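Student: Please find one structure pasted underneath; my questions will follow.
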Amino acid sequence: MEIEKTNLKGSFIITPRVFEDERGTFTESFNTKAFAEITGINPVFVQDNQSISKYGVVRGLHGQLGEMAQAKLVRVIKGKVLDVAVDMRRESETFGQHFSIILSAENRKQLFVPRGFLHGFSVLEDDSIFAYKCDNFYDKESEAGIVYNDATLGIDWHLEDDVMIVSEKDAVLPSFKEMYKK
């Protein structure tokens, strides 16, 4: 497994090793021991989630903050997405910055998103299957989010506005400035 740092402290790109022969392929998608040796982080995943979305869907930016914050290991099983992580840790030197990467079934890359981040993705191929592991359980009371088209963050979702499909809930999330005016 190859692990690369992103520009956001504590976030990593993981490229698994793929073994191929006449039968097909075998992939070890994650190894906690190897990840901990390289990063110093030893996540214990407690929940797996998966979504199937059509082209143009934008999901995010979501997360859980406080005690119920979640680290996530995200990947694409089928199709292609632009994955986005936003550092919301006020004490972090990368607070308010984001990182994006194309994740696809073809490139097999994964993104480790640490606790204290918001996360989202845009779907770049029909019927994309997006899967992620969380190190904490879902807790509605700890939900947080910023609207996907926030001007302060300026995220390029790799989609034209007229093809974006955004849930009503995501379309009315607060801006970065509204969330952090407190």
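Laboratory data are not the source of any read-out in this text; all were calculated from the coordinates shown. Please read these numbers as outputs of a predicted model, since none were measured by experiment. So basically every Cβ, Gly included, is an ideal-geometry build from the backbone, and we count neighbours across all protein chains shown.
Student: When the convex hull of the Cα atoms of the stretch 109-182 is projected onto a plane and the area is averaged over all directions, what value comes out in nm²? Intermediate values should be presented prior to the final figure.
Tutor: On the way: hull surface 26.0 nm².
In nm², the orientation-averaged hull projection of the stretch 109-182 is 6.5.
Student: Here's something else I'd like to know. Among K33/K140; K33/K78; K133/K181; K33/K109, which pairs are too far apart, with a Cα-Cα distance over 29 Å? Could the numbers behind the result be given before it?
Tutor: Working: K33/K140 31 Å; K33/K78 27 Å; K133/K181 31 Å; K33/K109 18 Å.
Cα-Cα > 29 Å for K33/K140; K133/K181; rest within.
Student: HN-Hα J couplings of the stretch 54-69 from phi, Karplus 6.51/-1.76/1.60, θ = phi - 60°, integer Hz, Gly and Pro as x?
Tutor: My calculation for the stretch 54-69 gives 8, 3, x, 5, 10, 10, x, 9, 10, x, 10, 10, x, 4, 9, 3 Hz in order.
Student: Would you mind checking which residues have amide H under 5 Å from R89's amide H? H placed 1.01 Å from N; only 5 or more apart, or other chain.
Tutor: Counting only residues 5 or more places away or on other chains, the set is G96.
Student: Between E168 and S51, what is the FRET efficiency for a Förster distance of 30 Å, r being their Cβ-Cβ separation, to the nearest 0.05?
Tutor: On the way: r = 17 Å, r/R0 = 0.56.
Computed FRET efficiency for E168 and S51: 0.95.
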